[in-house]
Amino acid sequence: MRQQIKSILWLVPIVLVAAGGIVYFSLRLPSAQKNPAPDFSIAGVDGGTLKLSDFRGRPLFFVMLAPRPEVVRARDASRAEKHVFDTWGYLDAVVRNETPRVGLRLDTSDLTAEETVAEILRRAAEARVR
């Protein structure tokens, strides 16, 4: 079970960024409502390729994993590299203040990876946007 979760978790940020961009721009730009999102592809965990168009007509779920900014700052302070707070702080402010509330925004500050997955599955109905 733990290995399955790990094999899925690496894909979550990629899918979230892609889906977040699509949802963000489709809600912010009126012309995007009329035009489908551009197709893109990423490597799947099985070695195959996943394309956005493969999911056309299926339900769309949007989950934003969003730890509190002070947690991100503390994590940065404990790292020798990979400092992300400046970017995260800006992105967090934009998401909270300028984007419509869409899908599931999950504060992962106090959750383990396993608890995060369980919470996403438990609250899947909130994440469904189409």
Amide H proximity to His83 below 5 Å, modelled H, separation 5+ or other chain, gives none
Under 5 Å between amide H atoms, partner at least 5 residues away or on a different chain: which partners does Phe61 have, H built in plane at 1.01 Å?
Val129
Please list 3J(HN,Hα) in residue order for the range 105-110, calculated via the Karplus relation 6.51 cos²θ - 1.76 cosθ + 1.60 where θ = phi - 60°; whole Hz, with x for glycine and proline.
9, 10, 6, 9, 3, 10
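Laboratory data are not the source of any read-out in this text; all were calculated from the coordinates shown. Note that this is a predicted model, so its numbers are computed, not measured.
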